[in-house]
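The values are calculated or read from the model by the stated rules, or taken from the named source; none is laboratory data. This structure is a prediction, so every number in the text was calculated from the model and none was measured. FYI the Cβ positions are ideal-geometry reconstructions off the backbone, even for glycines, and counts take in every protein chain you see.
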Amino acid sequence: MSALLPLAQLEIRSRRGGTCESEDGFCPDWIADNLDRYVSPLLEHVVLTVASVGIGFAIAFALALLAHRREWVSAPVGALTSVLFTIPSVAAFLLLVPLTGLGVLTAIIALVAYTQVFLFRNIVNGLSNVAEETKDAARGMGLTDRQVLWRVELPLAVPEILAGVRIATVTTVNLATLAFFAGAGGLGAQIYTDITFRSNVVVAGGLAILLAAAFDLMVLGGQRLATPWRRATAA
């Protein structure tokens, strides 16, 4: 993080002499000439988000299935996920640095922890909201408990599960802007290199917003594809 300070000073010095840049204003010409500098931070941000949500989903899915079979597991795990989410993100990154060092691993560990409150709860709620009559009908057709889970409960729980994925993904894009405190780069690091220059903040911040919107639309599209019966009902 301290290495970013000389970079910020260099960027400020490099803009001296230009009217718009020297006044730290909004400079379309500067933005057009410097868009390529945001490609790498954007890709880093994508990797942080996808990896964190993917790993977080795998962990939450396993815990939710356990809680679905052992109801007593749900309360303590749910409480733990809530506690983890209340930890300030900057503090979480800095507390992990002495243990895992600066880098992507530290950022992903913290971001995965933050996804659990959305993913675990939505998976558990989705499974528990499947009507008992539906499950009884499936058992009456000769399905085992495992088959009922995979063929009936999980498909019917998809809307709530993906709703949790949507919230977790958008939240992770937001929190990942602070991952530069863990030395993981991303758009937050790009903002911090020259936080006083309006054009830089607008572009980097705007890309983070667009990335969150793009992920949200992708998950929403996946939800529509995964629930064709809802489209048929609406039609």
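Is it the case, given these coordinates, that Ala168 is surrounded by 19 or more Cβ atoms within 10 Å (Cβ to Cβ), assigned to a helix (DSSP H, G or I) and touching a residue at least 60 places away in the same chain (Cβ under 8 Å)?
Working: surrounded by 19 or more Cβ atoms within 10 Å (Cβ to Cβ): yes; assigned to a helix (DSSP H, G or I): yes; touching a residue at least 60 places away in the same chain (Cβ under 8 Å): yes.
It is true that Ala168 is surrounded by 19 or more Cβ atoms within 10 Å (Cβ to Cβ), assigned to a helix (DSSP H, G or I) and touching a residue at least 60 places away in the same chain (Cβ under 8 Å).
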Output yes when any residue across segment 41-49 is closer than 25 Å to Glu160 by Cβ and loosely packed, with under 12 Cβ neighbours inside 10 Å, and no when none is. no
Taking the condition of being in a helix (DSSP H, G or I), more than 17 Å from Leu119 (Cβ to Cβ) and not aliphatic (A, V, I, L, M), how many residues in segment 39-88 meet it? 7
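Per-residue answers, yes or no, for (1) surrounded by 19 or more Cβ atoms within 10 Å (Cβ to Cβ); (2) aromatic (Phe, Trp, Tyr); (3) modelled with pLDDT of 90 or more:
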| position | (1), (2), (3) |
| --- | --- |
| Asn122 | yes, no, yes |
| Leu127 | yes, no, yes |
| Val173 | yes, no, yes |
| Val201 | no, no, no |
| Ile209 | no, no, yes |
| Phe215 | yes, yes, yes |
Residue check, Thr196 against (1) modelled with pLDDT of 90 or more; (2) outside any helix (DSSP H, G or I); (3) among the hydroxyl-bearing types (Ser, Thr, Tyr), all met but one. Which one? (1)
Residue list for segment 141-163, restricted to those being among the charged types (D, E, K, R), without any contact (Cβ under 8 Å) to a residue 24 or more places away in the chain and under 13 Å from Leu65 (Cα atoms): Asp145, Arg146
